[in-house]
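In what follows, a structure is listed as structure tokens, so that the remarks can point back to it.
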Amino acid sequence: MLSHSTSCCVVGGGPGGVMLALLLARKGIPVTLIEQHKSFNKLPRRGFPGNPPQH
């Protein structure tokens, strides 16, 4: 098990979790994103309201 210090931990690499981690990191907040799977589909299954996925 890895051990390190972080200010924020986001659990889940779905669209919401990835977006939250990105926004926190852009504000300079150290963030760790935890995802169950080693890789994930880069195309979202659903879009955010008002912004449907582009295929």
Result of the Cβ filter at 8 Å on segment 24-52, keeping first residues that are under 16 Å from Gly14 (Cα atoms) and of a type in the set (D, E, K, R) and partners that are modelled with pLDDT under 60 and surrounded by 11 or more Cβ atoms within 10 Å (Cβ to Cβ), at least 6 apart or interchain, is Arg45/Pro53; Arg46/Pro53
Being modelled with pLDDT of 90 or more and surrounded by 11 or more Cβ atoms within 10 Å (Cβ to Cβ) is the filter here, so list the residues in segment 20-43 that pass it. Leu20, Ala21, Leu22, Leu23, Leu24, Ala25, Ile29, Pro30, Val31, Thr32, Leu33, Ile34
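The values are calculated or read from the model by the stated rules, or taken from the named source; none is laboratory data. As the structure is a computational prediction, the values presented were derived from the model and not from experiment. Neighbour counts run over all protein chains shown; Cβ positions are idealised from the backbone, glycine included.
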